[in-house]
Amino acid sequence: MQTYLVGGAVRDRLLGLPVTERDWVVIGATGDELEACGYQRVGRSFPVYLHPDTHEEYALARTETKTGPGYRGFEVRADPHVTLEQDLARRDLTINAIAETGDGRLIDPYGGCHDLENRVLRHVSEAFREDPVRVLRAARFAARFFGLGFRLAEETLQLMREMVAAGEIDTLIPERVWKETLCALSETRPDIFFRVLREVGALKIIYPEIDVLFGVPQPPRWHPEIDTGEHTLMVLLDAARRNCSPEVRFAALVHDLGKGTTPPEQWPKHIGHEQRGVTLINKLCARLGVPNRFRDLAIPVARYHATCHRAAELSAQTLLKVLEALDALRRPHRLDEFLAACEADARGRTGHEKDDYPQAEIFRKALDAAGRIRASDLAEADLEAEALGTAIRNARIAAIDAACKTSG
């Protein structure tokens with residue numbers, strides 16, 4: 001039995017990046033032998049075991065044979081006769097197909113070290129085309145390592161295009177699409193993920209609501225970049241640069257979906273796109289099984305981002321309406337997330353990347369003022385429940401009006 005460190009741990013060490021987890025491959029052993037040594041099996045589809053002391057994952061070397069469409073259409077063979085080279089051959093990119101022995105010697109049968117040095121993301125073999133998830137993974141690695149100068153090899157991009165044309169992307173299950181998207185949103189350049197998917201034709205299949213935004217014009221006065229798709233990715237990039245949460249990044253990504261349904265005869269205006277965007281977000285989230293916390297932020301951002309940009313012109317009543325829509329009086333962090341997404345929208349425009357966003361301070365002052373009004377402050381009036389609710393709301397409006405006038 002021989003064990004080798006493989007995958008991301010080897011890759012990241014060679015790149016000088018922190019190694020957060022280590023995965024191992026086991027050659028010349030059976031599952032029974034590992035379990036006899038105290039390893040615990042955790043993989044259902046694949047033979048993966050946890051080390052009894054380190055709890056790191058050890059996988060039996062395996063080969064995969066395509067038996068049907070999609071990423072589940074595989075027959076897995078894992079036995080003591082599978083070689084290290086065979087196991088590495090089934091991996092997606094050459095930079096992920098490098099193994100390391102216990103004494104630090106590298107085993108690199110597919111040129112991963114050369115591609116690391118030359119900053120190339122290249123598929124290991126034609127087996128890449130057998131798993132449509134690899135299209136998403138390749139796009140995600142392009143997003144992760146873009147800042148280090150990595151680019152996808154042209155032959156890999158062409159292979160991805162062929163997979164899309166063959167209908168492989170259509171077989172992806174929604175849960176897997178969302179899982180890869182969530183990982184991509186957390187990368188340093190999440191915009192690259194969507195650019196790559198669009199380049200190979202996959203975006204229009206898995207995210208048609210986003211793909212259709214490209215080529216849709218906006219008023220040059222407000223959007224010098226003009227193209228709505230470009231603006232969307234600029235907004236996402238700003239959210240990533242400010243290290244916003246994945247929820248904020250998702251809201252940034254989908255905030256203008258409604259513009260994709262504006263009739264061309266109305267271009268470049270997009271009257272009512274906010275409410276149309278809400279409908280599209282609900283459908284997208286339902287289709288992909290997006291967790292509620294993402295949807296519940298994305299919807300108010302889509303509905304009220306244009307309102308937020310006009311904060312200095314808003315009445316106290318409208319300011320409170322937005323705060324109530326966010327449930328910010330009970331969950332103040334929701335306002336911070338909302339404002340982060342709106343700021344990204346304001347800055348995700350050509351020439352406005354470094355603009356300040358004073359609107360955020362107006363909304364924070366409004367929340368602080370409204371939050372100071374408590375039901376107990378009005379309890380002595382002995383009002384009925386409905387009348388008490390109205391009195392509280394009126395008091396909050398008055399407090400916001402006074403706070404904003406003072407700040408102005």
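Per residue of the chain, what 222 nm ellipticity follows from adding -39500 (n - 2.57) for every DSSP H run with n ≥ 4, rounded to the nearest 500?
Theoretical 222 nm ellipticity from helices: -15000 deg cm²/dmol.
Quick test of your reading: applying the under-4.7 Å Cβ rule, which cysteines of the chain are isolated?
So far as the 4.7 Å Cβ criterion goes, Cys37, Cys113, Cys183, Cys244, Cys285, Cys404 stand without a partner in the chain.
With axes computed from alpha carbons, what is the tilt in degrees of helix 174-185 against the longest principal axis of the chain, rounded to the nearest 10 within 0 to 90?
80
Could you tell me how many degrees, from 0 to 90 and to the nearest 10, lie between the Cα long axis of helix 273-288 and the main elongation axis, the longest principal axis, of the Cα atoms of the chain?
Here the helix axis deviates by roughly 30 degrees.
As an exercise, identify the GluC sites (Glu not before Pro) in the range 1-45 lying in DSSP coil whose Cβ has no more than 13 other Cβ atoms within 10 Å.
Here the GluC sites (Glu not before Pro) that fit, given the DSSP loop and packing criteria, are Glu21.
For the charge dipole of the chain, defined by +1 on Lys and Arg C-beta atoms and -1 on Asp and Glu C-beta atoms about the Cα centroid, which residue among Tyr49, Leu257, Leu388 has the Cα displaced farthest towards the positive pole?
The listed residue farthest towards the positive side: Leu388.
At a 10 Å Cβ-Cβ cut-off, how would you order Cys37, Cys183, Cys244, fewest neighbours first?
Lowest count first: Cys37, Cys183, Cys244.
Within the range 241-306, report the trypsin sites (Lys or Arg not before Pro) that DSSP leaves as loop and that have at most 16 other Cβ atoms within 10 Å.
Those satisfying the criteria are Arg242, Lys269.
Using all alpha carbons of the range 165-284, what is the percent of pairwise distances in each 5 Å bin, ordered from the shortest bin to the longest?
Cα pair-distance distribution for the range 165-284, in percent: 2, 11, 20, 24, 21, 14, 6, 2, 0.
In whole angstrom, how far apart do the alpha carbon centroids of the range 235-261 and the range 329-378 sit?
First find each Cα centre; the distance between them is then 16 Å.
Semi-axes of the equivalent ellipsoid of the range 1-150: what are they in whole Å, largest first, if each equals the square root of 5 times a C-alpha gyration tensor eigenvalue?
The three semi-axes for the range 1-150 are 25, 20, 14 Å.
Just want the ordering: Ser245, Ser186, Ser315, from fewest to most Cβ atoms lying within 10 Å of their own Cβ.
Final ranking by Cβ density, sparse to dense: Ser315, Ser186, Ser245.
For the chain, what is the Kirkwood hydrodynamic radius in Å, using each pair of distinct C-alpha atoms?
24.2
Return one number: the angle in degrees, 0 to 90 and rounded to the nearest 10, between the long axis of the Cα atoms of helix 385-407 and the longest principal axis of the Cα atoms of the chain.
The two axes meet at around 90 degrees.
Only the coordinates and a few stated rules stand behind these numbers; no lab work does. In this text the structure is predicted, and so the values were computed from the model without any measurement. Cβ: placed from backbone, ideal geometry, glycine included. Neighbour counts: every protein chain shown.
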